[in-house]
Each structure stands twice: as C-alpha cells, then as structure tokens.
Amino acid sequence: MENEIIKIEGFDISCYGVNTLVVGSGAAALNAAVSLHSFGQKDLIIATSQWGGGTSNNAGSDKQTYYKLSLSGEKPDSVLEMAQDLFNGKCMHGDIALCEAQGSVLAFMNLVRLGVPFPYDKYGAFAGYKTDHDPRSRATSAGPYTSKKMFEALAREVKKQKIRILNHHQIISLITDRNRSRVTGALAINTRIKDPKNAFVLFNAENIILGTGGPAGIYETSVYPLSQNGSIGIAFKAGATGQNLTESQFGIASVKFRWNLSGSYQQAIPRYFSTDKKGNDAREFLNEYFPDIKTLTKAIFLKGYQWPFDPKKITGYGSSLIDLLVFREITDKGRNVYLDYTKNPSFGNSVTFTLKKLDSEVSKYLSNSGALKNSPLERLLALNAPAFSLYKEHGIDLSSEPLQIAVCAQHNNGGLKANIWWESDLRHLFPVGEVNGSHGVCRPGGSALNSGQVGSYRAAKYISKLYNQQPTDTKVFMQEAKEQIASELALAKKWLTSGTSGRNRKYSFEIKKRMSEAGGIIRDLKKVTAASSAAGVMLKHINDNIGAGSVKELAESYLLTDNCLTHYIYLDAIKTYLEKGGRSRGSYLVIKGENSRQAFKPDLCRYDRDIENDILEIGIRNGKIFRKLVNVRELPKQDLWFEKVWKDYMEDNYIGC
Ligand SMILES: Cc1cc2nc3c(=O)[nH]c(=O)nc-3n(C[C@H](O)[C@H](O)[C@H](O)COP(=O)(O)OP(=O)(O)OC[C@H]3O[C@@H](n4cnc5c(N)ncnc54)[C@H](O)[C@@H]3O)c2cc1C
C-alpha cells in the first residue's frame, strides 16, 4: 500500500495502490472489510466520506428488525423456505434469494459473536417475531438501534484488526479500463484539506467494494438520516447497471427528528390531526374517511406492523389508507400533520374514545402487553418505554408536544445489479448493502440488514479467492486513468473559477422536490414524464451552472452532479414502468390524472404483464440511457450430495457463478 504524489493538470494528487478499496463505513462496508481481513487479505483501505455517518449508524425505528432463518421454537424452518419467501417478493432473482437465505445464519451469528445484543432466553433461543411480508417469525431485533449496534460492533472489529481508515474521503469517481469492462480505481476528495490543489486522492485498486448506502440525497420527504446521501451515480457514470430502481419503500416517519413511526408508535393508537401552516384550524382529518372509531383505531393500530405504504392495504379501511390520507393532507391541501400522544382520537363531537370500543384484535394485543391503558402516552410507555425516551433524547417530549410527520422515503429495494458474489456487471466492483439492488418489489422487514451482511461476506470471499492480486503498476494504471482523472479535474477547475454559487442549493432543492412529487407514493405518467424531461435538461446543463469556493463546496458539487444523474435514471425507470403499463405495487400507487377515486380503489399489479413480471435493468451506455427487461431467474436446484460438495469445496470449485 504505497502512497505517492502524482501531478496532473496542476493538482498534486496522493495515489494509493491497494488490492481492495472499501468505500463507505456503514454496516455492509465494515463487514466487507472485516471479512476480507479475516480471509487473509490485509491490503485494504476503507475510504469514507464520514466515519459514523450513513444510515446504519443513524437510523432505526421502535424495534429495528433483522431478518434471519428461525433459530428457536417448535415450528420448523428451512433455508429453501426462507429463500422462497424472499423470492415471493417478486422481481428478485432466485439464486440471490437462495444466497441470502443460506448465508443468514452465518452472518447473524457473526454479529452475535461480535457483541450485537440480539436477545435470547436461558437456553440460548433467539426468539423471533413476525415482520411485514414474513409468513414465519424470522425477525429479531436488538432494540430501536439494531443497525447502530451492528455499526458499533463492526467498527470495534475494524479498529482491532487495525484496518486503515481514510476518513473524510469522498469518492467522486470510479475509474475503469478503456473498454469500461471493469473498475481499476477511484478518485476521492479529502474534505479536510483546505487547498483544492492538494485535496484529491487517487486509488489504484484491483477491487472496489462499494458500500455507499441508499439514494438518500434525492428525496425531500425522507427518513434517511441527514448524514446519508448515497453515491450510486458514480457507478452509473462508470457503466454499472441498475435494476428495480422503481421499488423504493415509503412510510410514516417524524420529520424534525427523522425516525420511523412503526410498531408501538402506532399500536399505542395516537391521535392524528392536521393544522394549517400557521398551526391553526386543528382537524382530525382521518375521520371523514372512516365509518366509525373502531375501524379507524384498528387501521392506526395495524400500521404498527404494516409500516411501509402498500397499495394492497388501502381498500376496506386498511392501514395504508392512513398513509394515503396523510400524504394528501400535506401535498394536496398544504397542511401539517401531527401525531398526538397526549389525547385519544375522537370521532365527531358525540363519539368519545373508550377502550371498550376497540376491535377485539387490538384490545387483545394491548391487554396481553399490559398496555390496555387510558391514554396513548400510557399505552406507549407500557408497550415500549425506550420508544418514548428516544424522542426525549432528541429534544422532543411526547408527553407534552405533538410530533410532526410525513410519508417519507426510507429504503430502495433496487440498486446496482450484481451476481451471486455481489460483483456488478462492471467487473471488480462489488456493491454491498443498500446500494446493491438485490431485492424486488416486496421484501420482509429486516431483510435489508441481512442482505448487507451476507452480500459483503460473499464479496470478500470471492475477492480473497480469485481477485487477490496486487494492483497494477502505477504507470500502467495511469495510462488508462489519466484521461478520466483529467476530465474530473477539469470540472473542479471550472467550478472553482465560478466560485460559490447559489445555484447549487437551488438545484439540490429542485432534485429533491421533483423526486418527492413524482417518484413518491403516488405516480402518474404525465407528471413523471415531465419530471424526467426536466431532470434531463438539468443534467445537460448542471456542470456549467454550479460552482465552488472551497474544497468542501467542491465535494458538494460532485455530490450534486451524482444526485442529478441518479434522479434522472430513477425517474426514467419509473417512467418506463408506467409507459409499459405497470400498475400499483410495492410501495406506490399508479394513478392517471387527478381522479381521486382511483387512489382509493387502486388498479393493482397482477404480474401478468412483462413490465410487472420482469426485472427492469437500466444504465448509461455511450452517454445514453439503455433499458432492458430481464426474466427473473428461478430458485436454483442444488446438488447437495456431501462428497460432491466436499470435493468442490476442497478444490475451490464452488467459487464461480
Ligand atoms: C429509518 C430507517 C429504518 C430502517 N429500518 C430497517 C429495519 O428495521 N430493518 C432493515 O433491514 N433495514 C432497515 N432500514 C434500512 C437499513 O438500515 C439500511 O438499508 C442499511 O443500514 C444500509 O446500510 P449500508 O451499509 O448499505 O449503508 P449506510 O449505513 O447508509 O452507509 C453508507 C456509508 O457510505 C458512506 N458514503 C456514501 N457515499 C460515499 C462516497 N461517495 N465516498 C465515501 N463514502 C461514502 C457514508 O458516509 C456511509 O458511511 C432502515 C432505514 C431507515 C432509514
């Protein structure tokens, strides 16, 4: 791992040669680094824009879920059943589903070994519970901060193994060979350096593990933590393909302090109300859409374990009717919406809330949990006191103030396409964690964290077996890389010459607004087409219209162009889905025009059209968007005859696609 200075275009660039560059420091990236190190590959560097930033270390819910094979109790479970359940989410390749199911125990036990406090009983049984899209009880949790505890445990291990960390290094570009068939390196900015001439850092890397997380920076209404942006655009720009980009998840979350309001936050049955922008004219706006208080309180309660918005759960006064009404109250009527834990819901002047009026499923659950209490606050405290304290720790007292909410973007099931070793079609690039689009339309809650751990382990295994070479000689690397580096540096020069520009903020605001309006829970072809063409125009001109007055602003400008390209491709994917007749599915509702009846009676996807049944791949080739529909690969048939598996294992024949 050398570090030499290379001069290009007047910039003095530090250059590292390394076998593997791990980008990011979320749970997936750190597990990749730790695994690779444990397989004997010590020549690796973690470069991260912010150590401790990102979703894993900063997001959660009332009981953040980790999905794994059942490991307790009398009900049998099997790898194939778990794989089938992942596969049933639609538009997920069967071989990937099998890997995620097969690898779940190993990944989970690794976290247990590293000290993540997943609860077990005196016999060592890791009890489970049911999460959304989960026919069994495979979910577990280490509390509201599961992914944070995963980050902490893996970070301890990284430090223990003395893996080199370059903090405040934002990767701005992936370098490829001339044919764009593989990555060969990356260019970063060290945001702690003051002089732009010395701020660039180059990596000549045999492999890149990309753990940059979900596309948080493209949404305005979002529960992704503020420290997360995502950088999938650098991979698109380098030529990697994306898939299932249409499939984001949305749900109700608090907006001042960004946090998911699932589980006990809804099971406590808070009062929903809205006000005008000045805080006047308070109204319990849900009432006019529900027939009685029993139906309303049941829908609120069910939102607890049916958290993501789901168009299948709107009719029949389902729990997703609430998301829809909250969304319309904010977007169409321009009002603010709140949850109130200090008062029970009321239903007109004459009907008051009483515990006796609750649906039997609701009262049974509350009674079993010792939470059949008089106010939402008392119920919340009885169900989950830490859920109350969590807000207190962030300066919000639920016992005295209402909580402002919105229907927020939370996760992207899609992302970069990769094979069963998590290698993208741009070879030697391994997207792991949320930037990898392994999931399809629906996924069991908690499977994102499982996928991040399984995928990063598999990527590390593959690299340690087949891609363990030294990086290319710097001179050879530079021959191919120089032009690409020069074009990135030319942008830096241009932006620095323009200096600080108010347009940066304006563009960022526009991108987020466009995505939240056209790519959120309600999707209309006309609106998406207009949004997509506006995104295309912005993409054409953005480089000429933004500027930077410092290294920090330079880094922000690169991120802005990344977000611009990202939102352009995401909107194109959504447009393509709608143009080809795709209907409501996953976490969004497809409507035509402003006819509100369609929203309440959605035309649901039946997976009988190619666009619904196949996986939509999308990317950039020769400066233009390409789109392709790909058949879903079925679950593979395995030959598990022990002697055969053993022989293949001993000869490393199992490493391959
Ligand atoms: C509120 C909320 C609740 C959730 N609840 C659940 C749940 O219950 N169960 C579940 O399975 N999933 C859940 N998820 C999703 C899950 O938490 C994330 O998908 C997962 O944590 C992502 O981990 P990651 O390692 O891929 O990325 P992250 O943890 O987001 O890390 C990304 C890292 O990349 C770095 N980075 C980004 N760009 C660059 C760049 N260009 N250069 C260098 N570094 C860069 C960032 O600084 C960060 O360190 C939830 C998400 C949210 C927002």
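Observations
- In this calculation the C-beta distance from residue 604 to residue 361 is compared with R0 = 22 Å, giving a FRET efficiency of 0.35.
- Where the alpha-carbon atoms of the stretch 250-409 are placed on the principal axes, they occupy 39, 38, 32 Å, in descending order.
- Enclosed volume per residue, in Å³, of the convex hull spanned by Cα atoms of the chain: 155 Å³
- This ranking places 307, 51, 646 by how few other beta-carbon atoms lie within 10 Å of each, fewest first, which gives 646, 51, 307.
- Proximal lysines relative to residue 122, as straight alpha-carbon distance under 25 Å, when same-chain residues fewer than 8 apart are discounted: 63, 68, 75, 130, 149
- Alpha-carbon geometry of the stretch 488-611: the Rg and the Dmax are 17.7, 54 Å, given in that order.
- ³J(HN,Hα), Karplus 6.51/-1.76/1.60, whole Hz, each residue of the stretch 370-387, x for Gly, Pro: x, 10, 7, 10, 6, 10, x, 5, 4, 5, 5, 5, 6, 6, 6, 4, x, 5
- Backbone amide hydrogens, once placed in the peptide plane, bring residue 305 within less than 5 Å of 263, excluding anything fewer than 5 places away on its chain.
- Under-5 Å amide H pairs with residue 209, H placed in peptide plane, nonlocal only: 21, 22, 23, 430
- Taking θ as phi - 60° and the Karplus parameters 6.51, -1.76 and 1.60, the scalar couplings of the stretch 189-202 work out to 10, 8, 6, 8, 7, 7, 8, x, 5, 10, 8, 7, 10, 10 Hz in sequence order, x denoting glycine and proline.
- Taking each DSSP H run with n ≥ 4 as -39500 (n - 2.57) and averaging over every residue of the chain yields -12000 deg cm²/dmol at 222 nm.
- Couplings for the stretch 352-359, taken from phi via the Karplus curve 6.51 cos²θ - 1.76 cosθ + 1.60 with θ = phi - 60°, read 9, 6, 9, 4, 5, 8, 6, 4 Hz in order; Gly and Pro are left as x.
- Packing-based ranking of 73-80, 195-202, 495-502, 555-562 yields 555-562, 195-202, 495-502, 73-80, ordered from highest to lowest mean Cβ neighbour count within 10 Å.
- Net charge of Cβ neighbours under 9 Å - reference residue 144; Lys, Arg +1; Asp, Glu -1: +1
- Additional length obtainable on full extension of the chain from residue 179 to residue 122, 0.36 nm per residue less Cα span: 14.7 nm
- In degrees, nearest ten, helix 320-331 long axis to first principal axis of the chain (Cα): 70 degrees
- Using Cβ point charges alone (K and R +1, D and E -1), the dipole size of the chain about the Cα centre works out to roughly 920 debye.
- Ranked by the mean number of other Cβ atoms within 10 Å of their residues, highest first, the peptides 21-30, 579-588 fall in the order 21-30, 579-588.
- By DSSP, the beta bridges lying fully in the chain are antiparallel in about 65 percent of cases.
- Rounded to the nearest 20 debye, dipole of the stretch 258-379 from Cβ charges on Lys, Arg, Asp, Glu: 180 debye
- Check: the stretch 488-611 dipole with +1 on Lys, Arg Cβ and -1 on Asp, Glu Cβ, in debye: 380 debye
- Positive-end ranking of 127, 388, 219 along the dipole of the chain, with charges on Cβ about the Cα centre, is headed by 388.
- Of the residues 569, 584, 599, the one whose Cα sits farthest toward the positive end of the charge dipole of the stretch 488-611, with +1 on the Cβ of Lys and Arg and -1 on the Cβ of Asp and Glu, is 599.
- Cβ crowding within 10 Å, taken as a proxy for footprinting-reagent exposure, orders 480, 157 from fewest neighbours to most as 480, 157.
- Average Cα contact separation per residue, the chain, under 8 Å, 6 or more apart, as relative contact order %: 20 percent
- Folded to 0 to 90 degrees: helix 551-579 orientation relative to the chain principal axis, Cα: 60 degrees
- Protection proxy ranking for 120-133, 516-529, using the average of other Cβ atoms within 10 Å per residue and placing the highest first: 516-529, 120-133.
- Cut-off under 5 Å, modelled amide H: who pairs with residue 185 long-range: 175, 205
Only the coordinates and a few stated rules stand behind these numbers; no lab work does. Computed from a predicted structure; not experimentally measured. Cβ sites come from the backbone with ideal geometry, for glycine too, and all protein chains shown count toward neighbours.
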